[in-house]
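Report on the following structure.
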Amino acid sequence: MIINHPILGPRDAQEFVYLGDANLINRPDGMSAGIEAFHDYLYNRDNPAGEHRELWYHEQGDRSWLVVTRNTVTHEITKVELARDVARAGGRSK
Amino acid sequence: MRYSGFRVIAEALTGHKGWKPVWRDPAPKAEYDYIIVGGGGHGLATAYYLAKEFRQARIAVLEKGYLGGGNVGRNTTIIRSNYLLDGNEPFYEFSLKLWEGLEQDFNYNAMVSQRGIINLIHTDAQRDAFTRRGNGMILNGADAELLSRDQVRSMYPWLNFDNARFPIKGALMQRRGGTVRHDAVAWGYARGADLRGVDLIQNCEVTGMRIEGGRIKGVETTRGFIGAKKVGVAVAGSSSKVMAHAGMRLPIESHVLQAFVSEGLKPLIDGVMTFGAGHFYVSQSDKGGLVFGGDIDGYNSYAQRGNLPVIEDVAEGGMALMPAIGRARLLRTWGGIMDMSMDGSPIIDKTHVEGLYFNGGWCYGGFKATPASGWCFAHLLAKDEPHKTATAYRFDRFLKGLMIDEKGQGAQPNLH
Amino acid sequence: MSQSNRIAGGQIDRSQTFRFTFDGQAYAGHPGDTLASALLANGVRLMGRSFKYHRPRGPISAGSEEPNALVQLRSGARQEPNTRATVAELFDGLEATSQNAWPSLKFDAMAINDKLNTFFTAGFYYKTFMWPAAFWEKVYEPIIRRAAGLGALTKAEDPDEYDKGFAHCDLLVIGAGPAGLMAALTAGRAGARVILADEDFRMGGRLNAETFEIGAMAGADWAAGIVAELAALPNVRLMNRTTIVGAFDHGIYGAVERVSDHLAVPAAGKPRQTLWRIYSRRAILAGGATERPIAFENNDRPGVMLAGALRAYANRWGVAAGDRVAVFTNNDDGLRTARDLQAKGVNVAAVIDSRQGGDLLPGIRHLQGAQVVDSAGRLGLASVTVRLANGRTDTIACTALGVSGGWNPNVNITSHHRSRPEWREEIAAFVPGAGGPANLAAAGAAGGDLSTHGALASGQAQALAALESLGISAKASDLPQAEDAPIAISPLWFVHEGKGRAWIDPQNDVTVKDVKLAHKENFTSVEHLKRYTTLGMATDQGKTGNVLGLAVMAELTGQSIPATGTTIYRPPYTPVAMGTLAGRSRGKEFKPFRLTPSHKWASEQGAVFVEVGNWLRTQWVPKLGETTWRESVDREVLATRKSVGICDVTTLGKIDIQGTDAGAFLDRVYCNTFSTLAVGKCRYGLMLREDGMVFDDGTTARMGQNEFVMTTTTANAVTVFRHLEYCRQCLWPDMDVQLISTTEAWAQYSVAGPNARKLLQKLVDQDISDAAFPYMGAGNITIQGQRGRLFRISFSGELAYEIAVPTRYGDALIRKLVEAGKEFDAVVYGTEALGVMRIEKGHVAGGELNGQSTALNMGLGKMVSKKKDAIGMVLSSREGMNQPGGYRLVGVKPVDPKGSISAGSHFMEIGAPVELASDGGWLTAKVYSPHLGCDIALGYLKAGDQKIGRKMRAVNFLTKTDTEVEIVSPHFFDPEGERLRG
C-alpha cells in the first residue's frame, strides 16, 4: 500500500506502523470519565466494512501520526491528514 | 448413509451408483427453534452438537455463501492446546479431546493427525515463558515436553543450527498437537447435522434482525424473514457486520491473515513447527505441500487478500529457519478475515438481546477451537449457561478487567 | 542420440549444440530450446507421472501453464523440484531427473494406483480409514504421506543468492505479445516511463509461435523490430524472463526476474533470481490467453497436447511432437495447427472437428461432426478412436494429437483483488470482470480480443487511455495490417461417450467422473467442487482445467457456466521460489545486528554475546581458566558487590523530552508524578497502558526546568517512543513538548559497587561526592573535558551511576573506565550478572514486565496516583485487576540451599494434587545468587503478599523437579537500600 503523507508525499506503507480506529484520539478525561466511558473508548469498535478512519504512525520517517481514510474492502485510500490537525479540529488541546 | 471402508469397496465394485448427497438443500421454513447464523466450522459444529448432544430440534444454519466457506476453509489446519492462561487452556484442551474422537463421532475421516507441534526456543526468556506454559498445560491435563537443542536437531537436522541469527536453543513440544483436513471438518459436521435434521441453508445472507421488546424474533435474510426462538451468531471475520444488525459494537476488529502453500514436495516435515524468532510456522500436508503462515497484515481489512511485505516477511522467516527450502516454490497465497479481539481471546456469550447469542473473536486460533466452540456454544444456546470450559469468554470481561491476554499486548488487536 | 523429431525452421540457434541429460540419458539441443522442446526433438514424450494414479505424462503445453512435464532440474543442493520443462531454458550441461516415479519413469510401481482407480475416487479417503482410531497416525497416514508430493528437496542449504529491488514506472505492461508490444510502443514513444515485463526469455508472445504476418513481415520479425525500437528508448525498461506474479494494493506489482536460471550456475556476484516490487501508476495486462483442452477418455497420454502448443513446438522450436499428428478441435484455431504442421512437412493424419461445415484444408483428411472418444498407447499416444458423424468409429494412428477447446484469456492477475471474471459468450470464455486492481486494464487476448489485429488495437487503445489519465499526451499511430479472424467456436467441453476416465486436471488426476461424483454428493458449489476433487489445486492452479471442470458441473446441474460459478485466482501467477521471496534476509543476515559502543572492546576480551532483540549484548566476559559460565558470572557479581563493576547499558531506550509542558506531559504518561521532580534529580517511573497494565519502567531525570531524559527498557525502546508521540500528537496536541529518541546517540555504562564513585571521580571533572551528587542525582558533566551525563541510579542495588557520552566516544570511555578501574579490581559484567543482581534486589524486568501484570501485581500499586489523569489510571481500577487474591510479586528460595528451582515452575501447596485448582502461580525468573549461596527466584503467587514466610513447592513437570521453597520478600539483598546511598 502507499500512503500519501500530507507533508512528505506518497510513501510505502511499510514505513508506517498501524494502530487502529482514529476514534482512539477521542480519549475521555480521566478525572471526569469513569470505567464505563473508558471501556467503551478503549475496547469497542465500529469495525466497518467500508470507509474507515484509522491511525498510522510514520515510524521510518518523520514520526507523524496520520489519520488515514481507507476503505477496508478495497483498501482504497481517499484522505490522509495529520492526526494532530484532526485532534485539534475535534477540540483536543492540552 | 454410513461411511466405511466396506462401503467404499462395495460402491467401487458397483460403479459408485449408490452415493447420496452429503447434505440436502432444504428451503427455509417459516420458523425454527434455533437459527445458527454462519455455516462455517463453528456454526456447523454448533448445529451438530445442538442436535446430537443437547437433543434439540428445529434447527437451521444460514450461510451467506457455501458451507465451510469461512475461515474453516482457509486456515493452516493446525490443532493444539498449548495455551498459557487459565481462561483458555481448559477450553482448548477440551477441544483437543473432542478432535481425538471426532471422526468416529461424526463418521467422516477429517484426517485428524497428531504428529506433534514444536515451538522453537531461541532465548532463555523464551524457555522460561514456555516452561511456565508447559507446566500450565500439564496442570490442565494436556501434554507438554521441553526439548533440548539436540533433541530438536535429531528431529530436524537440516534446520539452521549452524548459521542462525537467532540460534535454536530447544523447543516446547505437544505431541498431541497436529493437523486436520480443514474442509473435511466442515463437511463432516454438515453431514452429521443434516442427518440429524438440521436445515443447512446456503446462499442465505442475514440482512437484519427482528428484535421486539428486547427479544429476538428472527432474522431478515436474502431469502426472506425466518423466525426463531433463539439465534446464535458464529460468523467470525464478519462479526461486527452481523451484530450491527442488533445495534452492537464489538470489542473486535477485522484483520486479514495470509496463509501459504508450496508446491507438493516429497516428505520433509512430519509435524508442525513454529519459529520463535520470526513470523513463521509450517507443517506439511498429506499431499506434500508445505502449509505455512506468519503474522497478520496488521490493518483492518475485509478484503480476504493481503500485501507483499507480509509474504516476504514470512518467506524470510522460513528461509532463516530452513535454508533448504530456497528452491521450493510458493504455489498459492490466500487471505482470511480474522475477528481480532481486544485481548486475543474469543467470546461465547449471551447478548443484551434476549435469545441472541454470540460466538466470535477467534483471532487466528479459531480452527483448532472448532469442536469445543461448537459444543460450548450449543451448551449456551440449549441451557442458557456457559459450558464449564468457556466461562471466561464473556463480553463483560473487558469492563471487569478480566482480560485473557495470552500475548500481553493489551487492547490492540493487531498485536495479538 | 539424434534429434529425430527436429524439423526445419524455428528460433533456435542450430550453430551451437547443448548437451544435457534427462534421467541420466544424454541428449542434444540448441540455444533457444526449452527442456521440453529439446526432449520432444529427441523423441522423448514421457517426462513425468501424475500425482495420484502415477499415469505417464508428457507436456500438454509450451508455456508456464504446464501441469504435466514437471522434472527435478539440476542436482545436489541446487535440485529444483517440480520445474516445468516447458519453460526451463536449455543450457549446456543441464541435468534433469524425473520425479514421483519409482523405480523408473518407464516402470513406476505406484502405477498400481491406476489399476485400483475405481476405489480411489474423489474424496474416497473421507469415507474410510476411520477404524480403529489410532490406525490413522500409525498405519494409514504414514503410507499416504510417503506417497505425497511430486519432486524432492535435498535438505541442503540453497547455495544461490537472491536479490530484491524496487522499480518505478508510469506504465507497467505485463506481457510482450502483440498487445503488450503495441502498448509499450505507444507509451514509450510518448515519453512515459515504461516497464515491459514478459515471463518468456524471448519477447513476442504468441507471435513467436505462429506464422501470422504483421505488416508485410513475419510476426516474430515484427516483434523483434519493436523490441529493438523499445530497447533504444531510454524511458523504456525491458524485462524479459520476468513474471509478474501478483497485483497488490495501489499499483504495486510483485515480479520475479529469473536472472540466472538459464545458466548452469549464476555468474559471480549475480543472484539466481530477483524479486522486484514494481510501483506503477498504470498497468496493462497483456498476458495473452491459455488454450484449454477437450476432455475425452484417456486424453492424458503423452503425445496428447494442446493444439496451439503442437504448433508452437513446430513453428518456434522446429520440433514435430510426433511423426504423425492429428488435431481435435471445436474451433478454427485447431485448423491452424493442421495447416502449419502440414506446411512444415509433418504428416497430418486427420482433423477431427466437432463442428459441421466450415473450412477444409486441402490435402488433409477432415472428419467433421466427429469426436475423439478414446486413445491408445502404453507410454505415449499410438492412436485415437474417433466417433464419426455417421455414428461409426474409426481408429487413427498418430503419435501426437493437438486438442483445441478454445482459449481462456489469462484473467488471473485481474482477479488478485478478488474481482470475479465475466463470461463472454462469443468466445465461450471468461474475461476480466469489474473491480480488479484499480490501475489495471486488460488488452489483447487477456481482455478477450483474440485476433492479432484486436491485440494490436486494444494494446494501443489501452495505452492511450492510461497515458491520458496520467496527463501524458500521445497520439494513435496507424496499426500495421494483421489477421483479424473471427472466433468461430462451438463449445464442446467433454466427450460424453465412454465409461473410462476423461481427465480435466491431469496432474492431480481429476476426471469427469470425479466431477460427476461430486455432483451426485451435492458438492456442486464451485468451491466445494474444487476442494472435494482437488481440481485446480495442482502446481498449475487450474490454468487449463478450471473452466473445463466448471463446464462439466454446469452441464450436470443444467445451469449456465457463469451461473455455476467462477473461479478466481490467487497470487502468485506462477509459483515463486521461497529464496526469491526472502532475498538476502537469511542466515546471519536474517535481521540486522545492533552493536553497542563497547562491542569491539568486549570482542577483544573474548566476551560471550547474547541476542537481545536485534542487539548483541555482552552476556559475560570469561577469564582465563574459567570453565563454566557460572564461574564467570559469579565472579562478576561478587566483584561488583565487593568493589566495582562496569556494564554497557546503552541498549536501554533513551528519550529526550523538552518543552514547557514536559513535566505535565510526563505526569500523563507515567502513573506516578514527575512534574514535582527537582532539577538535577531522577525518579523511577512506571508507565501503564491505557488498559491499566504495566507497559514499561525506567528512570527519568530532570536535566533542566523544561528538559527531561527518560530511559526505557531495551525491549520497549521503540514502542514507548511511538506511544509518547501518539500521546503528544493525538491526545494532547497543544502541549508544548518535543521528543527525540537518543538511544543511539549516547553510549551509557553502569558503574556499580562500593568503589564506583572512586573510580568515576578519576575521570569526571566535577565533584561527585555524596553531598555534591546525592542518590538519584542527575546532571551534565565533563569527562576529561568531554561532555557527558551522569545519573546516580542503581539496578544492582549498589552505589551506582550511569555515565553517558556521545556514542562515538563510547569505545574510548569503556577503555578509560577499565583502565581507571584497575586499581579497584574492577570487572566488566554482562547481562547474566546484571540479572543476578536485579533479582537479588527484587527489581522487575522481562519475566515480570510481561504485559499481563498490573502495578499491584508487582507490589507497586501505590505508585498509581489518582490525583491526576494519566494513561491507564482509570482502567487500572477495574475490579478484576484489584482482587485481594490476585498475583503478587514474591521472592522464592529453596528450603534446602542446595535445592534447585527453575523459572517457569508453578507454585503448589505441599501435598496438593496435580490439577488446575492447585496452581498458585509461577516463577518468573531464577538465578543463582553467589551472595546468598543458593538459587533465588521471583514469582507471581496468588495472594503472595499474604504468604511471605510460607513453605510451598515449586514444581516443574517438564524437568520433573519438585522443590520445597520458602516464599520471601522479593528484596533478597540489602532490603533497606543502605548500599545505594553509600
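Could you list C:Thr782, C:Thr580 in order of exposure, starting from the residue whose Cβ has the fewest other Cβ atoms within 10 Å?
Numbers: C:Thr782 14, C:Thr580 29.
The fewest-first ordering by Cβ neighbours comes to C:Thr782, C:Thr580.
Fewest first, what order do C:Glu636, C:Glu823 take by the number of other Cβ atoms within 10 Å? The partial results should precede the final answer.
Values: C:Glu636 27, C:Glu823 12.
Fewest-to-most Cβ neighbours within 10 Å comes out as C:Glu823, C:Glu636.
What is the distance, in nm, between label points placed 7 Å from the Cα along the Cα-to-Cβ direction at B:Arg149 and at C:Ala465?
My value for the distance between the label points is 6.0 nm.
Taking the Cβ of each residue in A:Phe38, C:Phe119 as the centre, tally the other Cβ atoms inside 10 Å and list the residues starting with the fewest. The partial results should precede the final answer.
Values: A:Phe38 23, C:Phe119 16.
Ascending number of Cβ neighbours within 10 Å: C:Phe119, A:Phe38.
Other chains' Cβ within 10 Å of A:68-77 residues: what's the mean?
Working: counts 1, 0, 4, 3, 10, 6, 9, 14, 3, 2.
Averaged over the peptide's residues, the number is 5.
From the residues C:Thr524, C:Thr539, C:Gly500, which one has its Cα farthest along the dipole of segment C:498-559 in the positive direction, the dipole being from +1 and -1 charges on Cβ of Lys/Arg and Asp/Glu about the Cα centre?
Going by the charge dipole, the pick is C:Gly500.
Please grab the % of Cα pairs in the protein assembly as shown that end up more than 58 Å from each other. Show your work: numbers first, answer last.
On the way: 281445 of 1112286 pairs.
Here the tail beyond 58 Å accounts for 25 percent of pairs.
Using +1 at the Cβ of each Lys and Arg and -1 at the Cβ of each Asp and Glu in segment C:386-511, identify which of C:Ile489, C:Gly405, C:Leu464 lies farthest towards the dipole's positive end.
Checking the options against the dipole of segment C:386-511, the answer is C:Gly405.
Based on the mean of other beta carbon atoms within 10 Å per residue, what is the order of B:355-363, C:474-482, C:568-576, most packed first?
Numbers: B:355-363: 26.9, C:474-482: 13.6, C:568-576: 23.1.
Taking the mean over residues of other Cβ atoms within 10 Å, the ranking is B:355-363, C:568-576, C:474-482.
According to a simple spin-label model (label point 7 Å from Cα along Cα-to-Cβ), what is the distance in nm between C:Asp323 and C:Thr660?
According to this spin-label approximation, the distance is 9.9 nm.
Go through C:Lys642/C:Lys758; B:Lys29/B:Lys52; C:Lys926/C:Lys960 and tell me which ones have a Cα-Cα distance over 23 Å in this structure.
Numbers: C:Lys642/C:Lys758 13 Å; B:Lys29/B:Lys52 21 Å; C:Lys926/C:Lys960 17 Å.
Pairs exceeding 23 Å: none.
Want the number for C:Asp896 to C:Thr393: 0.36 nm per residue separation, take away the alpha-carbon distance, what's left?
Numbers: separation 503, 0.36 × 503 = 181.08 nm, distance 9.45 nm.
That pair, C:Asp896 and C:Thr393, stretches by 171.6 nm at full extension.
For the protein assembly as shown, with only Lys/Arg (+1) and Asp/Glu (-1) charged at the beta-carbon, what is the dipole magnitude about the Cα centre, in debye rounded to 20? Let's see the in-between values first.
Numbers: 165 positive and 158 negative charges, 348 e Å.
With Lys and Arg at +1 and Asp and Glu at -1, about 1680 debye.
Past 24 Å, Cα to Cα: identify those pairs from C:Lys841/C:Lys898; C:Lys841/C:Lys862; B:Lys20/B:Lys229, in the order given. Walk me through the numbers before you get to the answer.
Numbers: C:Lys841/C:Lys898 21 Å; C:Lys841/C:Lys862 19 Å; B:Lys20/B:Lys229 32 Å.
Cα-Cα > 24 Å for B:Lys20/B:Lys229; rest within.
With a cut-off of 8 Å between alpha carbons and a minimum separation of six or more residues, what is the relative contact order of chain B in percent? Don't jump to the answer; show the numbers that get you there.
Details: 986 pairs, mean separation 91.3, N = 416.
Taking the mean separation of contacting Cα pairs over the length of chain B, I get 22 percent.
Within segment B:90-126, list the residues whose amide N lies under 20 Å from a label point set 7 Å along Cα→Cβ of B:Ile9.
Output list for this probe position: B:108-109.
Measure nothing but the geometry: give the 0 to 90° angle between the long axis through the Cα atoms of B:89-106 and the longest principal axis through the Cα atoms of chain B, rounded to 10°.
Result, in degrees: 70.
If you average the sequence gap of Cα pairs under 8 Å that are 6 or more apart and divide by the length of chain C, what percent do you get for the contact order? Write down the numbers at each step before the final one.
Values: 2393 pairs, mean separation 84.8, N = 982.
Across chain C, relative contact order equals 9 percent.
Alpha carbon centre of segment B:148-172 versus segment C:63-133: separation in Å?
Here the answer is 31 Å between Cα centres.
So if we plug the beta-carbon distance of C:Ala772 and C:Lys642 into 1/(1 + (r/R0)^6) with R0 = 22 Å, what FRET efficiency do we get, rounded to 0.05?
Values: r = 25 Å, r/R0 = 1.15.
About 0.30, to the nearest 0.05.
Once you charge only the Cβ atoms, +1 for Lys and Arg and -1 for Asp and Glu, what is the size of the charge dipole of chain C about its Cα centre, to the nearest 20 debye?
Values: 106 positive and 102 negative charges, 242 e Å.
Magnitude of the dipole: close to 1160 debye.
Stretched out fully, how many nm does the piece from C:Ala943 to C:Lys822 gain, at 0.36 nm a residue minus the Cα gap? It would help to have the intermediate numbers written out before the result.
Values: separation 121, 0.36 × 121 = 43.56 nm, distance 4.72 nm.
Between C:Ala943 and C:Lys822, full extension yields an extra 38.8 nm.
Need one number: nm distance between label points at C:Gln356 and C:Ala343, each 7 Å from Cα along Cα→Cβ, rounded to one decimal.
3.1
I'd like the FRET efficiency for B:Glu31 and B:Thr207, computed as 1/(1 + (r/R0)^6) with the beta carbon distance as r and R0 of 30 Å, rounded to 0.05. Intermediate results must be reported in sequence, preceding the final value.
On the way: r = 18 Å, r/R0 = 0.59.
FRET efficiency, B:Glu31 to B:Thr207: 0.95.
Helix C:546-557 sits at what angle to the longest principal axis of chain C, using alpha carbons and giving 0 to 90 degrees rounded to 10?
For helix C:546-557, the angle is close to 70 degrees.
Based on the alpha-carbon gyration tensor of segment C:875-982 and its eigenvalue square roots a ≥ b ≥ c, which shape applies: rounded if a/c is under 1.5, prolate if not and a/b is larger than b/c, or oblate?
On the way: a/c = 2.14, a/b = 1.08, b/c = 1.97.
In terms of gyration-tensor shape, oblate.
Between rounded, prolate and oblate, where does segment C:385-526 land on the alpha carbon gyration tensor, with a ≥ b ≥ c its root eigenvalues, rounded for a/c under 1.5, else prolate if a/b exceeds b/c? Each step should come with its number before you reach the end.
Working: a/c = 3.42, a/b = 1.70, b/c = 2.02.
Because a/c hits 1.5 or more and a/b fails to exceed b/c, segment C:385-526 counts as oblate.
Compare the Cα positions of C:Ala443, C:Val373, B:Asn135 along the charge dipole of the protein assembly as shown (+1 at Cβ of Lys, Arg; -1 at Cβ of Asp, Glu; about the Cα centre) and return the one farthest towards the positive end.
My answer, from the dipole projection, is B:Asn135.
Given the options B:Ala382, B:Ala236, B:Ala171, which has the most mean-square fluctuation in a GNM of chain B, springs set between C-alpha atoms less than 10 angstrom apart?
B:Ala382
Calculate, for C:Arg365 and B:Lys17, the FRET efficiency according to 1/(1 + (r/R0)^6) with r their C-beta to C-beta distance and R0 41 Å; round to the nearest 0.05.
Numbers: r = 40 Å, r/R0 = 0.97.
That pair, C:Arg365 with B:Lys17, gives E of 0.55.
Across the residues of A:47-53, average count of Cβ atoms on other protein chains within 10 Å?
On the way: counts 18, 6, 10, 2, 0, 6, 0.
Taking all residues of A:47-53 together, the mean is 6.
Evaluate the relative contact order of segment C:295-404 (contact order divided by residue number), counting alpha-carbon pairs under 8 angstrom at least 6 apart; express in whole percent.
Working: 262 pairs, mean separation 38.2, N = 110.
This gives 35 percent for segment C:295-404.
Mind checking the full-extension length gain between C:Thr17 and C:Ala232? Use 0.36 nm per residue of separation minus the Cα-Cα distance, one decimal, nm. The partial results should precede the final answer.
Working: separation 215, 0.36 × 215 = 77.40 nm, distance 3.09 nm.
Result for the pair: 74.3 nm of gain on full extension.
Compute, for segment C:568-654, the length of the dipole vector about the Cα centre, with Cβ point charges of +1 (Lys, Arg) and -1 (Asp, Glu) only. Units Debye, rounded to 20. Each step should come with its number before you reach the end.
Details: 14 positive and 8 negative charges, 63 e Å.
Computed charge dipole of segment C:568-654: roughly 300 debye.
Going by average Cβ density within 10 Å per residue, which order do the peptides C:958-966, C:899-907 take, highest to lowest?
On the way: C:958-966: 16.7, C:899-907: 23.2.
Most protected by this proxy first, the peptides run C:899-907, C:958-966.
For the ranges C:153-164, B:78-89, what's the packing order if you count other beta-carbon atoms within 10 Å of each residue, average per peptide, and put the highest first?
Working: C:153-164: 19.1, B:78-89: 23.0.
So the order, starting with the most tightly packed, is B:78-89, C:153-164.
Using only Cα atoms, find the angle between the long axis of helix C:831-841 and the longest principal axis of chain C, and express it within 0 to 90 degrees, rounded to the nearest 10.
50
Please compute, for peptide C:115-127, the average count of beta-carbon atoms on other protein chains lying within 10 Å of each residue's beta-carbon.
Values: counts 0, 1, 1, 7, 7, 2, 5, 1, 6, 8, 6, 14, 12.
Other-chain Cβ atoms within 10 Å of each residue's Cβ, averaged: 5.
In a shell of Cβ-Cβ distance under 14 Å around B:Glu354, excluding B:Glu354 itself, what net charge do Lys and Arg (+1) and Asp and Glu (-1) give? All intermediate terms of the calculation are to be shown ahead of the outcome.
Numbers: positive: B:Arg210, B:Arg215, B:Lys217, B:Lys229, B:Lys230, B:Lys350; negative: B:Glu212, B:Asp349, B:Asp384.
Summing Lys/Arg as +1 and Asp/Glu as -1 gives +3.
Coordinate-derived values only; no laboratory data. Note that this is a predicted model, so its numbers are computed, not measured. Cβ atoms come from the backbone with ideal geometry, glycine included; neighbour counts cover every protein chain shown.
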